[in-house]
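Step one of this worksheet: look at the structure below.
The values are calculated or read from the model by the stated rules, or taken from the named source; none is laboratory data. Just so you know, these numbers come straight off a predicted model, no measurement behind them. Backbone-built Cβ (ideal geometry, glycine too); neighbour counts: all protein chains shown. These accessible areas exclude ligands, DNA and RNA; they are computed on the full protein's heavy atoms, side chains included. Shrake-Rupley method; radii C 1.70, N 1.55, O 1.52, S 1.80 Å.
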Amino acid sequence: MIQSMTGYGKNVIQLPTKKITVEIKSLNSKNLDLNSRVPSSYREKELAIRTMLAKSLTRGKVDFNLFVESTGEQTTTQLNDVVVKQYMDQLSKVVDADKVELLKMAIKMPDALKTAREEIDEDEFSEILKAVKQALVEINTYRTDEGEVLKNDFLKRVDIIEEHLEKVLEIDSQRIANVKERLHTAVSDLKEKVDENRFEQELIYYLEKYDITEEKVRLQNHLNYFREAINSDDSNGKKLGFITQEIGREINTIGSKSNFAQMQQLVVQMKDELEKIKEQALNVL
């Protein structure tokens with residue numbers, strides 16, 4: 001079962017004095033590109049969180065956010081009395097204002113407020129890790145659901161390519177007859193006597209150059225392999241990308257050998273479907 005690299009997970013927990021919100025977003029990327037934003041007081045625990053994320057989300061551009069909102073009566077932020085008074089004294093010398101206005105200006109100045117470093121409570125951090133795990137469950141469920149949508153789209157487009165290939169097989173005999181007729185006409189236009197044996201030999205050589213039997217067989221095999229790969233347990237975007245390259249190679253060769261307008265039109269349609277598969281495959285985990 002394939003997974004998309006696009007996903008979103010969120011979990012909110014309410015502690016006695018804090019509201020903790022964990023949010024994880026992911027988009028497609030060649031490798032794991034992990035960005036995290038956590039409050040400074042939890043910085044020493046960031047590595048443990050990143051390790052947990054990396055184990056669960058192996059690829060993608062991942063943004064992790066940890067928001068902490070105080071809901072209790074206590075606060076770690078305090079007024080720096082000495083600094084605020086110094087600011088008020090200095091401001092009173094340059095502006096004519098009462099103490100209330102001076103105070104309003106002073107508390108906006110640097111270092112007017114001081115925040116005491118809060119020690120991390122291990123029980124609290126354990127709850128945060130539980131929230132991270134739950135958010136990971138949500139984002140992986142999201143990725144799986146998106147992967148199912150991608151899978152159905154891939155299979156539909158592979159079926160369309162196969163339908164075009166069947167039409168190629170149907171008109172192949174007509175193409176060969178058309179090539180023979182054009183060669184005969186070209187020789188007739190020369191108005192010269194031609195050695196029939198030599199002409200047949202040249203004709204056979206010419207037609208062999210335009211034979212697409214091997215390409216048709218290989219293309220069908222690659223389409224079957226794509227279906228097997230997308231349903232396998234080890235399915236991944238890189239593997240599907242390699243298979244689409246092989247599919248494209250065979251389609252291009254058929255196009256270069258076709259020399260027949262109707263077949264070239266089918267090749268263009270196959271290429272169009274394949275490009276859509278390649279574009280979406282970039283988002284597969």
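Given 10 °C and 1.306 mPa s, how large is the Stokes-Einstein diffusion coefficient of the stretch 206-278 in µm²/s, with Rh as the Kirkwood radius over Cα pairs?
On the way: Rh = 13.0 Å.
Stokes-Einstein gives a translational diffusion coefficient of 122 µm²/s.
Round to the nearest 10 and give me the degree value, 0 to 90, for the angle of helix 237-258's Cα axis relative to the longest principal axis of the chain. Value to nearest ten degrees: 30. Using only the alpha-carbon atoms of the stretch 34-183 as identical scatterers, what base-10 log of I(q)/I(0) does the Debye formula give at q = 0.08 Å⁻¹? Each listed q corresponds, in turn, to -0.56. Amide H to amide H, with H built 1.01 Å from N, Leu34 comes under 5 Å of Val62, counting only residues 5 or more places away or on other chains. For Phe67, the solvent-accessible surface with a 1.4 Å probe is about 80 Å², rounded to the nearest 10. Counted by Cβ distance under 13 Å from Ile13, the other residues give a net charge of 0, where Lys and Arg count +1 and Asp and Glu count -1.
Match the structure shown to one of the listed values (i) 1.36; (ii) 0.94; (iii) 1.12 of Rg/Rh (Cα atoms, Kirkwood Rh), computed from it, and give that label. For Rg/Rh (Cα atoms, Kirkwood Rh), the calculated option is (i). Rounded to the nearest Hz, the phi-derived 3J(HN,Hα) couplings of the stretch 212-226 under the Karplus curve 6.51 cos²θ - 1.76 cosθ + 1.60 (θ = phi - 60°) are 10, 4, 5, 5, 5, 5, 5, 4, 4, 5, 5, 5, 5, 5, 4, where x marks glycine and proline.
Taking 0.36 nm per residue of sequence separation and removing the Cα-Cα distance, the Tyr210/Ala177 pair yields an extension gain of 10.7 nm.
So which of Lys30/Lys151; Lys156/Lys216; Lys180/Lys278; Lys130/Lys238 end up more than 27 Å apart, counting from Cα to Cα? Numbers along the way, then the final one.
Numbers: Lys30/Lys151 19 Å; Lys156/Lys216 20 Å; Lys180/Lys278 37 Å; Lys130/Lys238 32 Å.
Table pairs above 27 Å Cα-Cα are Lys180/Lys278; Lys130/Lys238.
On the principal axes of its alpha carbon atoms, the stretch 1-122 extends 72, 32, 21 Å, with the longest extent given first.
Compute the signed sum of charges (Lys and Arg +1, Asp and Glu -1) over the other residues within less than 12 Å, Cβ to Cβ, of Lys61. Intermediate results must be reported in sequence, preceding the final value.
Numbers: positive: Lys25, Lys30, Arg59; negative: Asp33, Asp63.
Taking every Cβ under 12 Å from that of Lys61, the sum is +1.
Regarding the stretch 25-87, what's the average projected area of the Cα-atom convex hull, expressed in nm²?
Details: hull surface 28.0 nm².
Averaged projected area of the stretch 25-87's Cα convex hull equals 7.0 nm².
Taking the chain as a Gaussian network of alpha-carbon nodes connected by springs under 10 Å, the highest mean-square fluctuation of the residues Asn65, Asn11, Asn221 belongs to Asn221.
Phi angles across the stretch 25-42 convert, under the Karplus curve 6.51 cos²θ - 1.76 cosθ + 1.60 with θ = phi - 60°, into 3J(HN,Hα) values of 10, 9, 10, 6, 7, 5, 10, 7, 10, 9, 10, 10, 10, 10, x, 4, 5, 9 Hz, Gly and Pro given as x.
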